[in-house]
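Peer 1: Sending over a structure as structure tokens; questions will come in a sec.
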Amino acid sequence: MSQESERIAWLRDELNRHNHAYYVNNTPEISDREYDMMMKELEALEASHPELADPLSPTRRVGSDLTRGFAQVKHIRPMLSLGNTYSVPEVDDWVARCNDMLGNSGGLVSVPIVGEMKFDGTSISLTYENGRLVRAVTRGDGEKGDDVTDNVKTIRSIPLVLSPGDWPAEFEIRGEIVLPWKAFDRLNEERAFNEEPLFANPRNAAAGTLKTLNPAVVAKRGLDAYFYYLLSDSLPSDNHYDNMLKARQWGFKVSEAMTLLDSEQAVNDFINRWDKERRELPVATDGLVFKVNSLRQQLNLGFTTKSPRWAIAYKFAAERALTRLEYVSFEVGRMGVVTPVANLDPVLLSGTVVKRASLHNEDIVKSLDIHEHDMLYVEKGGEIIPKITGVDLDARQPGAEPVRFIKECPDCGSKLVRIAGEAAWQCPNKYGCRPQLIGRLEHFVGRHMMDIEGVGEENCMQLYDAGLVRNIADFYSLKAGDLENLPGMGPRTAQKIIDGIEASKNVPFERVLYALSIPSVGETVSRKVARAVKSLDRLMSMSAEELVAIDDVGPKIAEGIVEFFSIEFNRNIIDRLREAGVRTEIEVPVDTSASDKLAGKVIVVSGVFSQHSREEYKAMIEMNGGKNTGSISKKTSFVLAGENMGPSKLEKAKSIGVPIIGEDEFLDMIR
Ligand code: IVH
């Protein structure tokens with residue numbers, strides 16, 4: 001073995017070990033920096049030794065940016081579900097039944113039972129051969145599932161290669177892929193920000209993420225996995241509990257809550273304990289699972305058609321509270337949509353005080369048939385956002401009127417209009433209604449848009465009400481002197497805001513487009529449109545028919561764009577933004593104007609760049625006669641690579657001999 005191959009093997013082992021210490025045991029031994037340094041070294045060595053590539057190297061956890069569908073795989077052993085109950089007496093009956101069927105007449109002593117958490121995620125089956133992960137398959141219909149191996153490889157608590165141990169040459173391990181609460185909250189915050197639909201609970205988020213076609217996206221979301229079932233022709237032990245302890249030794253995350261129970265009483269105590277303590281766990285659980293421990297006894301009990309007789313799930317009831325409706329308020333968003341909100345007598349639910357719950361739209365208010373001052377049921381089960389699930393009709397006050405959806409905007413008094421084909425009502429006074437105007441200022445300054453430091457939700461309202469910023473273009477006429485005298489602001493804060501506004505002039509065109517609050521034009525559509533049209537001038541001159549030719553742009557979005565630019569108010573704002581120096585086109589350096597220097601060249605752009613954005617490089621390639629493509633093949637002339645180019649792309653380019661060039665070299669080429 002060469003020195004390099006020895007070093008590669010050592011780095012892979014060390015990184016695997018530190019991964020396990022960090023993600024499974026929560027006991028990191030080295031700093032993040034040291035870890036990153038080792039990872040970088042391994043990446044570099046692997047890049048210069050493609051012959052030593054290993055798809056299970058720790059460097060592969062990041063996920064390549066190739067996207068593709070999932071192949072279907074038949075399960076070797078079908079994945080059954082569990083019988084379940086919400087009642088403790090039914091769990092007791094199950095314990096008694098198992099004992100009866102197994103001929104145990106030990107009185108209070110039961111056949112050994114294992115109590116476990118029921119993780120609320122999405123189930124997964126992993127197959128290992130000779131200590132290496134070969135396949136990860138979802139439950140699917142129980143007979144066959146989707147092969148999600150590439151996505152599962154990005155989950156850092158799942159071992160890709162097992163350390164030497166007494167694992168069977170072939171085994172399957174089943175568990176639950178979960179999205180921990182923290183990662184779930186972060187993901188939803190981000191989605192709320194981008195006005196993307198929120199995930200109702202971590203289960204949906206985990207399942208949705210696992211089915212994402214791009215492993216690089218999966219890698220970022222922070223999935224985790226707990227394991228609870230080992231299957232093999234040569235298991236290490238004759239009982240479930242010891243098999244799971246072995247799995248833990250081999251590197252799998254097995255819940256610390258797993259407990260051996262030897263009586264009905266112990267089973268009940270386990271339920272009482274975890275009904276409360278589960279709230280402290282970092283991941284969502286929706287119940288407990290009880291399993292007969294001995295594999296021989298499991299075999300004797302056998303299966304019904306759907307589920308094993310040797311196991312049962314006890315499900316926790318969703319937490320529910322009853323509280324009085326104080327009043328329904330109607331709130332106007334940045335696009336004028338009016339949302340009814342139930343304002344409640346504060347009530348404690350799953351550890352937080354609930355005072356408000358969205359009623360979403362008129363149809364929901366009607367279907368719940370809410371009357372003034374009704375007693376409402378509020379639930380927070382797996383759903384993190386409190387939800388009104390019903391009305392206690394017995395507590396309705398005599399003569400109470402039904403809650404009616406308003407007909408006029410609560411702020412500006414305009415007559416509301418119902419959005420065609422939707423349950424939403426909208427205030428049509430787009431350019432004169434205060435909450436809409438302030439909402440658009442807040443959107444404009446946001447992190448994913450112009451990212452103006454020092455301006456947030458509170459001071460947008462302050463600036464609007466002080467008459468200083470009435471529309472987004474007004475930000476660029478602000479002077480430090482205007483701000484200094486506002487309550488709570490001094491010269492330092494004022495200057496910080498002015499600097500933040502100045503810096504926003506460098507924000508790329510695609511984000512400027514998103515910041516404009518064009519109806520239905522979210523972050524992704526803005527990016528695609530900016531990429532396709534390259535400048536605001538061109539976009540403003542396009543018809544709806546031309547716009548629908550752009551990827552992801554449908555007739556509704558196209559008409560929204562055309563209408564937006566047909567309004568003088570918007571055109572004036574755009575003129576002022578342009579004059580202020582905000583970017584209204586994809587930036588292409590002046591000294592690389594159109595040429596045919598790249599004629600006939602097929603180029604792949606990959607990685608993160610420092611001098612221009614990836615989009616700008618793509619535009620430069622086209623302007624100089626070259627062609628952009630997404631994947632590397634023999635036809636590729638070269639790869640324009642930035643930092644962190646995807647390792648699979650790097651490897652592919654090397655293996656078929658496609659040259660890789662950096663940004664300086666590229667800019668020299670077209671200058
Ligand atoms: S055992 C044949 N144990 O719950 C028995 N399942 O409702 C296989 N689940 O499909 C399952 N935590 O996705 C088992 N500790 C646990 C579990 C668990 C969560 C899920 C699993 C299963 C579903 C059945």
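The numbers here are math on the coordinates, done by the rules we state, and not lab data. Just so it is clear, the model here is predicted, and its values are computed rather than measured. Glycine gets a Cβ as well: all are built from the backbone with ideal geometry, and neighbour counts include every protein chain shown.
Peer 1: Cα centroid distance between the stretch 397-460 and the stretch 622-671, in Å?
Peer 2: If you average the Cα positions of each part, the centres end up 47 Å apart.
Peer 1: Shifting gears a bit: Would you mind checking the stretch 441-461 for residues with the amide N under 18 Å from a putative spin-label position 7 Å along Cα→C-beta of residue 584?
Peer 2: Counting backbone N atoms under 18 Å from the label point, the list is 450.
Peer 1: Let's see if you can work this out: charge +1 on each Lys and Arg Cβ, -1 on each Asp and Glu Cβ, no other charges. What is the dipole magnitude of the chain about its Cα centre, in debye to the nearest 20?
Peer 2: On the way: 82 positive and 100 negative charges, 199 e Å.
Value, rounded to 20: 960 debye.
Peer 1: Take the Cα pairs of the chain, get the Kirkwood Rh, then feed it into Stokes-Einstein at 4 °C and 1.567 mPa s and tell me D in µm²/s.
Peer 2: 44
Peer 1: So how much slack lies between residue 280 and residue 389, counting 0.36 nm per residue of separation and subtracting their Cα-Cα distance, in nm?
Peer 2: Stretched out fully, the residue 280 to residue 389 stretch lengthens by 36.7 nm.
Peer 1: Can you flag which of 182/276; 276/366; 74/153; 556/601 are past 27 Å Cα-Cα?
Peer 2: 276/366; 556/601
Peer 1: Between residue 458 and residue 296, how many nm apart are label points set 7 Å from Cα along the C-beta direction?
Peer 2: According to this spin-label approximation, the distance is 7.0 nm.
Peer 1: Work out, step by step, the length gained on full extension between residue 347 and residue 7: first 0.36 nm times the residue separation, then minus their alpha carbon distance; give nm to one decimal.
Peer 2: Result for the pair: 116.5 nm of gain on full extension.
Peer 1: Structure shown: which of 528/635; 211/654; 528/652; 253/380; 534/635; 387/528 lie over 32 Å apart, alpha-carbon to alpha-carbon?
Peer 2: 387/528, as the Cα separations exceed 32 Å there.
Peer 1: Next up: Taking only C-alpha pairs under 8 Å that are 6+ residues apart, what is the relative contact order of the stretch 107-224 in percent?
Peer 2: 31 percent.
Peer 1: At what distance in nm do the modelled label points of residue 434 and residue 503 sit from each other, each positioned 7 Å from its Cα along Cα→Cβ?
Peer 2: Rounded to a tenth, the inter-label distance reads 3.2 nm.
Peer 1: Could you give the C-alpha radius of gyration of the stretch 498-637 expressed as a fraction of 2.2 N^0.38 Å, taking N as the number of residues it contains?
Peer 2: Dividing the Cα Rg of the stretch 498-637 by 2.2 N^0.38 Å gives 1.13.
Peer 1: Can you list the HN-Hα couplings for the stretch 507-513, worked out from phi with the Karplus curve (6.51, -1.76, 1.60; θ = phi - 60°), rounded to whole Hz and with x for Gly and Pro?
Peer 2: 5, x, 3, 4, 7, 4, 4
Peer 1: Report, by chain and number, residues whose modeled amide H sits under 5 Å from the one on residue 624, excluding near sequence neighbours (fewer than 5 apart, same chain).
Peer 2: The answer is 595.
Peer 1: Net charge around residue 232, counting only other residues with Cβ within less than 13 Å of its Cβ (Lys, Arg = +1; Asp, Glu = -1)?
Peer 2: -3
Peer 1: List the relative contact order of the chain as a percent without decimals, with contacts defined as Cα pairs under 8 Å and 6+ residues apart.
Peer 2: Working: 1183 pairs, mean separation 66.2, N = 671.
That works out to 10 percent.
Peer 1: Go through the stretch 618-633 residue by residue and turn each phi into a ³J(HN,Hα) via Karplus (6.51, -1.76, 1.60, θ = phi - 60°); whole Hz please, and just put x for glycine and proline.
Peer 2: 5, 5, 4, 4, 5, 5, 9, x, x, 10, 8, 9, x, 10, 7, 9
Peer 1: Still on this structure, please answer the following. Quantify how much of the Cα-Cα distance distribution of the stretch 322-386 extends past 16 Å, in percent.
Peer 2: Value for the stretch 322-386: 46 percent of Cα pairs lie more than 16 Å apart.
Peer 1: For the chain, what is the mean residue ellipticity at 222 nm derived from helices alone (per DSSP H run of n ≥ 4: -39500 (n - 2.57); sum divided by total residues; nearest 500 deg cm²/dmol)?
Peer 2: -10500 deg cm²/dmol
Peer 1: Cα gyration tensor of the stretch 418-516, axes a ≥ b ≥ c as square roots of the eigenvalues: rounded (a/c below 1.5), prolate (a/b > b/c) or oblate? Intermediate results must be reported in sequence, preceding the final value.
Peer 2: Values: a/c = 2.69, a/b = 1.57, b/c = 1.71.
Verdict is oblate for the stretch 418-516.
Peer 1: What FRET efficiency comes out for the pair residue 635/residue 537, r = Cβ-Cβ distance, R0 = 35 Å, nearest 0.05?
Peer 2: Efficiency at R0 = 35 Å is approximately 0.55.
Peer 1: How high is the FRET efficiency from residue 668 to residue 568, r the C-beta distance, R0 45 Å, rounded to 0.05? Intermediate results must be reported in sequence, preceding the final value.
Peer 2: Working: r = 45 Å, r/R0 = 1.01.
The value I calculate is 0.50.
Peer 1: Under a point spin-label approximation (7 Å from Cα along Cα-to-Cβ), what is the residue 575-residue 108 distance to one decimal in nm?
Peer 2: The two pseudo-label positions are separated by 8.9 nm.
Peer 1: Amide H to amide H under 5 Å from residue 171: which residues, 5+ apart in sequence or cross-chain, H placed 1.01 Å off N in plane?
Peer 2: Under 5 Å from the amide H of residue 171: 128.
Peer 1: Over all alpha-carbon pairs in the stretch 138-259, figure out the percentage whose distance exceeds 22 Å.
Peer 2: When all Cα pairs of the stretch 138-259 are counted, 42 percent exceed 22 Å.
Peer 1: With the dipole of the chain worked out from charges on the C-beta (+1 for Lys and Arg, -1 for Asp and Glu) around the Cα centre, which of 243, 5, 358 lies farthest toward the positive end?
Peer 2: The listed residue farthest towards the positive side: 5.
Peer 1: Right, something else. Using 0.36 nm per residue of separation minus the Cα-Cα distance, give me the extension gain between residue 326 and residue 31 in nm, one decimal. Display every interim value, and only then the final one.
Peer 2: On the way: separation 295, 0.36 × 295 = 106.20 nm, distance 5.18 nm.
Full-extension gain reported as 101.0 nm.
Peer 1: Tell me, what is the FRET efficiency for residue 377 and residue 661 to the nearest 0.05, using R0 = 51 angstrom and their Cβ-Cβ distance as r?
Peer 2: In this case the efficiency is close to 0.20.
Peer 1: Using mean Cβ contacts within 10 Å as the protection proxy, how do 143-151, 326-334 order, highest first? Present the calculation step by step, with values, prior to reporting the outcome.
Peer 2: Details: 143-151: 19.3, 326-334: 16.3.
In descending order of packing, they fall as 143-151, 326-334.
Peer 1: Averaged over all directions, how much area does the convex hull of the C-alpha atoms of the stretch 85-215 cover when projected, in nm²?
Peer 2: Its Cα hull, projected and averaged over all orientations, spans 12.0 nm².
Peer 1: Okay, moving on. Go through 536, 660, 473 and say which Cα lies farthest out towards the positive end of the charge dipole of the chain; charges sit on Cβ, +1 for Lys and Arg, -1 for Asp and Glu.
Peer 2: My answer, from the dipole projection, is 660.
Peer 1: Next question, about the same structure. Normalising by the residue count of the stretch 446-518, find the relative contact order in percent from Cα pairs under 8 Å and 6+ residues apart. Please report the intermediate quantities before stating the final value.
Peer 2: Values: 56 pairs, mean separation 30.5, N = 73.
The value is 42 percent.
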